[in-house]
Amino acid sequence: MFEALTMAYSHRMDVLDELLAGTRAQDGVFNLTILDLPWALEIRDEAPLALATLVRGSGWVTREGTAPQRLEQGDVAIFTGPQPYVVGDSVHTAPQLRIHPGGICEPLPGAPADYSARLGVRTYGSRKSGEVMVASGTYQVAGDVSRRLVTALPPVLVVPAAAVAGSVMEMITSEIQRDAVGQQTVLDRWLDLALITTLRAWFDRPDSHAPGWYQAQTDPVAGTALRLLHEDPAHPWNVTDLADKVGVSRASLARRFTAVVGEAPMSYLTGWRITLAADQLRSTRDTVETIARRVGYANAFALSVAFKRVRGITPTDHRRAA
């Protein structure tokens, strides 16, 4: 039995990769800001997911409703939700620049220097040799599948430089300042890589409180069951069938899956099916009947009953709301 579990686990689906699939830097907005002490930069890009790193210098990240966090050179901060945040040398320094949606940079009154200059492609500040360099970028979050990832993250998370791929961040910094053919696509892909390496490093930290679906992937019982549910959500699963596939008893599977993931296997499957259906209702013109069968329901009526129980609205109303 152990050999079967090991073989199944070795071919597991990467759930994080699946959730990241709709979280992409597509036409991402990038800024490189160069400042001198004392300094503070307010970012109001209104993006659902954003990244910032100190290429040069050190400081603090502040955001309303969260405790300030230290940011050393090379550290990467991830922000969820559209609320503004400030990166500065001190939590008390007033912002001198403000980044608006679309990467528009606004110098603010009272700044000790004139930061209105554009120092190059996507680069702002008073002088290229300034004491501090902040790189920032934004992501789009497409659909309910990727929102499961965003909701699993805190409003602000900071990963030390030693835990992330430093070479990735260095490449982004150099690419931001270039203006070559296909440059936007290059930057988007580098920013995607930065997000993946940062989140993976954060989830692996013992103090990250990683969601159950992430922790389960290292568990031979819960992880194997999770992989099976994600690989074929339309299969008519029940706990007995799933336990047989994993190679453990029904009671063992239910107990282990619930302990690691945080909910029972069939409850998790229902939530995942509804999430997949919600995405397809908004991204395709397929009928509710077609989508229902694709995600594991016998017909449109069965999906509608489950959808309304979980989401509080019908599939049709969800589609109209898009």
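The values are calculated or read from the model by the stated rules, or taken from the named source; none is laboratory data. Given the structure is predicted, the values throughout are model-derived calculations rather than measurements. Every residue, glycine as well, gets a Cβ built from its backbone with ideal geometry; the counts of neighbours run over all protein chains shown. Surface accessibility is based on the protein's heavy atoms, side chains included, excluding ligands, DNA and RNA. Shrake-Rupley method; radii C 1.70, N 1.55, O 1.52, S 1.80 Å.
Summary of values
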read-out: 289, 231, 42, 64, ranked by accessible area, largest first (probe 1.4 Å); value: 64, 231, 289, 42
read-out: Solvent exposure ordering (accessible area, 1.4 Å, most first) of 91, 239, 76; value: 91, 239, 76
read-out: Region 279-288 - phi-based ³J(HN,Hα) in whole Hz, Karplus 6.51/-1.76/1.60, Gly and Pro as x; value: 4, 5, 5, 8, 9, 10, 9, 4, 5, 4
read-out: Those residues of region 257-294 whose amide nitrogen sits under 19 Å from the label point placed on residue 316, 7 Å along Cα→Cβ; value: 277-293
read-out: Region 214-321 - percent relative contact order, Cα under 8 Å, separation 6 or more; value: 22
